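Here the structure is laid out as structure tokens; the discussion comes afterwards.
The values are calculated or read from the model by the stated rules, or taken from the named source; none is laboratory data. Computed from a predicted model, the values in this text were never measured in an experiment. So basically every Cβ, Gly included, is an ideal-geometry build from the backbone, and we count neighbours across all protein chains shown. Ligands, DNA and RNA are stripped out before the accessible areas are found, and what is left, the full protein with its side chains, is counted by its heavy atoms. Shrake-Rupley method; radii C 1.70, N 1.55, O 1.52, S 1.80 Å.
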Amino acid sequence: MILRSYAKVNLCLYVLNKRPDTYHNLDSVFERINIFDTIGLTQTSGTAIRLATNSSQIPVDASNLAMRAAKLLQDTCQVKKGVRIVIQKNIPVGAGMGGGSSNAAAVLVGLNKLWTLRLSVKKLAELGAKIGADVPFFVYNTRFARIRGIGDLVEPVKALQKNTLWHVIVTPALHVPTPQIYKRWDSIKKARRALTLSQGNATLMVSALQKNNLVSIRTYLYNSLERVTIPLYPEIQRIKDRLARSGLGAVLMSGSGPTVFGIVSSRKEALFLSRQLKKERKWSVFAARSV
């Protein structure tokens, strides 16, 4: 079985507060984009779960989220079958685009079919939440969703399934550890000012998407974590400045970084700008759209 494991960007991300369980409550709008890894699943004899990949940047042991997803599903449903997982990486690793979480979700969805488990999407999302905060979003087959809680409350925006945004996406050669960023956020009291703004602005982003109003969508781009990540990784600001000089009025860091994206008006513009940027620095540059 061959599956596509898509990336995401956060059109807005508000970190509300730290919970007693050390996770953080979020209010965010996710967009699935057409940058993807390829996941191969092959049922094997015995109960062993094995993983292979073309990337030296991700682990192939039990710490890999895809491996954890397979093991969790196997244990939960008492499956007496094994699987070989092959991950062909294309999504930048540790870039704020949810690659590992997407891989885990693809494994959950794929093994549900391969092992004929017949679990509901809701049940798969509940299992996914035990693996990582972004996993439930990828379990749902949706372009856009509002995400709340720790990422486990997924509200697909069904009216947007035919809407398409085009992006220029830039990822520098940095690996940003998400736990470190959230720990830093906790230590900066002023970051919590986002709490008073969050509910209204995430709602406004959804409304702007529903109206397909590109000006409003750009206006409501926001990420609470930029004020934490950018001082630690100044290259992110350099990317934002470069995209601004290209005429992009609003650019944003995705997730905890370091990926930066801008919204453009067309495929033609996305391709033109991405070609220009690829000539300049050792950045990974993509033209991408909603999928």
For the stretch 74-191, list the helices (runs of 4 or more DSSP H) that sit wholly inside it and hold at least 3 residues that are modelled with pLDDT of 95 or more and in contact with an Asp or Glu (Cβ under 7 Å, 6 or more places away or on another chain); which are they?
99-114
Within the stretch 60-73, identify whether any single residue is open to solvent by less than 10 Å² (accessible area, probe 1.4 Å) and in contact with a Phe, Trp or Tyr (Cβ under 8 Å, 6 or more places away or on another chain), and answer yes or no.
yes
Restricted to the stretch 81-104, and to residues that are within 20 Å of Thr47 (Cα to Cα) and of a type in the set (A, V, I, L, M), which residue is surrounded by the fewest Cβ atoms within 10 Å (Cβ to Cβ)?
Val86
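Given the residues Thr116, Thr42, which is the only one that is in contact with a Lys or Arg (Cβ under 7 Å, 6 or more places away or on another chain) and more than 23 Å from Val9 (Cα to Cα)?
On the way: Thr116 fails: in contact with a Lys or Arg (Cβ under 7 Å, 6 or more places away or on another chain).
Answer to the selection: Thr42.
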Looking at the structure I just gave you, is Thr47 closer than 21 Å to Ile147 by Cα, open to solvent by 20 Å² or more (accessible area, probe 1.4 Å) and either of a type in the set (A, V, I, L, M, F, W, C) or assigned to a loop (DSSP other than H, G, I, E, B) (or both)?
no
Looking only at the stretch 192-213, which residues are modelled with pLDDT of 80 or more, open to solvent by less than 90 Å² (accessible area, probe 1.4 Å) and assigned to a helix (DSSP H, G or I)?
Ala202, Thr203, Leu204, Met205, Val206, Ser207, Ala208, Leu209
Working only within the stretch 1-35, note down all residues that are at pLDDT 95 or above, part of a strand (DSSP E or B), surrounded by fewer than 20 Cβ atoms within 10 Å (Cβ to Cβ) and in contact with a Lys or Arg (Cβ under 8 Å, 6 or more places away or on another chain).
Asn34
